[in-house]
Amino acid sequence: MRYGIFSDIHSNLEALEAVIHAYKKEGIDRYFCLGDVVGYAADPAECAEKVRILSSVTIAGNHDYACVGLLSLDYFNPLAKEAIIWTNRNITEKEYNFLAGLKLTFKNKEFTLAHGTLDRPEEFNYMTGDLAASSSFESLDNNLCFVGHTHIPGIFVRSHKGEIRYQSKAEAVIKEGNKYIINTGSVGQPRDGDPKAAYCVYDTKKKTVKVKRVSYDAQTARKKIVDHGLPASLGERLLIGR
């Protein structure tokens, strides 16, 4: 099987469409979305509908839950809060119900999905170091977990001896005895200095995981943000990947 696993679209339709187009060349069997379908950019309804149709499983991100009142706005900085309020006013009942019905985690025999950390997923904590990764590894029943939330692709690996290391190069061959937590980066708002949209391919036959990048029309996405009255800085950051 070849899985397309992606995260943090954040209402960026141009980026999502570019990723979907790139996936068509990958021979993907099933798609999985790690949440934050909405928030920040100007096309929440369109992105929610595309993800709903495309993805076999979508889990909840913090912006998704906040948009439908399942997470307090106190969690967010002022720019994010403003975008969430705007998003809530610009989705239909259909998208609202879709977001409200998302679960926090997913697990099958091959892998586990979470938005932030696997332990206490309802808190949407950031996995930014070995300590946070260690807690999630302890909660991981199988050997592979995919996460998003930081908007920065990378891989935590725990060896059979319990040693944890991090690699910023987001590709790996899955080896028996190790456990892996793969951050797939962000489709719609990368923060690693690379403005191209990020998406992940997991090949179960080859035992390979790789985060790939694709260019998209960030200028149009930026202009939509400004034209819809959202904070201009949310558009500017798309151009620099920060």
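Points to keep in mind about this one:
- Cut-off of 10 Å, at most 15 other beta carbons, DSSP loop: longest stretch of the chain lacking such GluC sites (Glu not before Pro): 27-109
- In terms of distances greater than 31 angstrom between alpha carbons, the cross-link table entries Lys94/Lys207; Lys109/Lys224; Lys50/Lys109; Lys24/Lys81 yield Lys94/Lys207; Lys109/Lys224; Lys24/Lys81.
- Backbone HN-Hα couplings from phi across the stretch 149-155 [Karplus 6.51/-1.76/1.60, Hz, Gly and Pro as x]: 6, 7, 6, 10, x, x, 9
- Each Lys and Arg Cβ is given +1 and each Asp and Glu Cβ -1; about its Cα centre, the stretch 142-242 then shows a dipole of about 300 debye.
- Derived scalar couplings between HN and Hα for the stretch 217-227 equal 7, 5, 5, 5, 4, 4, 4, 4, 4, 5, 5 Hz in order, rounded to whole Hz, by the Karplus curve 6.51 cos²θ - 1.76 cosθ + 1.60 (θ = phi - 60°), x for Gly and Pro.
- Of the residues Lys161, Lys210, the one with the largest accessible area comes first in the ranking Lys161, Lys210, computed with a 1.4 Å probe on protein heavy atoms.
- Each Lys and Arg adds +1 at its Cβ and each Asp and Glu adds -1 at its Cβ; summed about the Cα centre, the chain shows a dipole of about 840 debye.
- Label point 7 Å beyond Cα of Ser215 along Cβ direction - residues of the stretch 4-31 with amide nitrogen under 18 Å: 14-23
- Anisotropy class of the stretch 1-136 from Cα gyration tensor, a/c 1.5 cut: oblate
- Per residue, the average separation of C-alpha pairs within less than 8 Å and at least 6 apart gives the stretch 39-194 a relative contact order of 18 percent.
- Taking every C-alpha pair closer than 8 Å and separated by at least 6 residues, the mean separation divided by the residue count of the stretch 171-235 gives a relative contact order of 26 percent.
- Between 0 and 90°, nearest 10: helix 13-23 axis offset from the chain longest Cα axis: 30 degrees
- Each Lys and Arg contributes +1 and each Asp and Glu -1, all at the Cβ; summed about the Cα centre of the stretch 19-105, the dipole is approximately 200 debye.
- Listed by chain and number, the lysines placed with their C-alpha closer than 19 angstrom to that of Lys223 are Lys196; residues fewer than eight positions away on the same chain are left out.
- Between Tyr216, Leu34, Tyr3, the Cα set farthest toward the positive side of the dipole of the chain (charges on each charged residue's Cβ, about the Cα centre) is that of Tyr3.
- For the stretch 117-242, with +1 on Lys and Arg beta carbons and -1 on Asp and Glu, the positive-most of Val157, Val173, Gly185 along the dipole: Val173
- Accessible surface of Arg2 - all protein chains present, 1.4 Å probe, nearest 10 Å²: 50 Å²
- Amide hydrogen neighbours beyond the local backbone of Asp119, cut-off 5 Å, H modeled: Ser136
- Taking Cα atoms only, the orientation of helix 130-139 departs from the longest principal axis of the chain by about 70 degrees.
- Distant-in-sequence amide H partners of Thr112 (H built 1.01 Å from N, under 5 Å): Leu144, Cys145, Phe146
- The residues of the stretch 1-136 expose, per residue, 42 Å² of accessible area to a 1.4 Å probe.
- On Cα atoms only, tilt of 78-89 relative to the major axis of the chain in degrees: 70 degrees
The values are calculated or read from the model by the stated rules, or taken from the named source; none is laboratory data. Since the model is a prediction, treat every value here as computed from it, not as a measurement. Heads up, the Cβs are rebuilt from the backbone with ideal geometry, glycines too, and the neighbour counts pull from every protein chain shown. We work out accessible area using only protein heavy atoms, side chains counted, and drop any ligands, DNA or RNA first. Shrake-Rupley method; radii C 1.70, N 1.55, O 1.52, S 1.80 Å.
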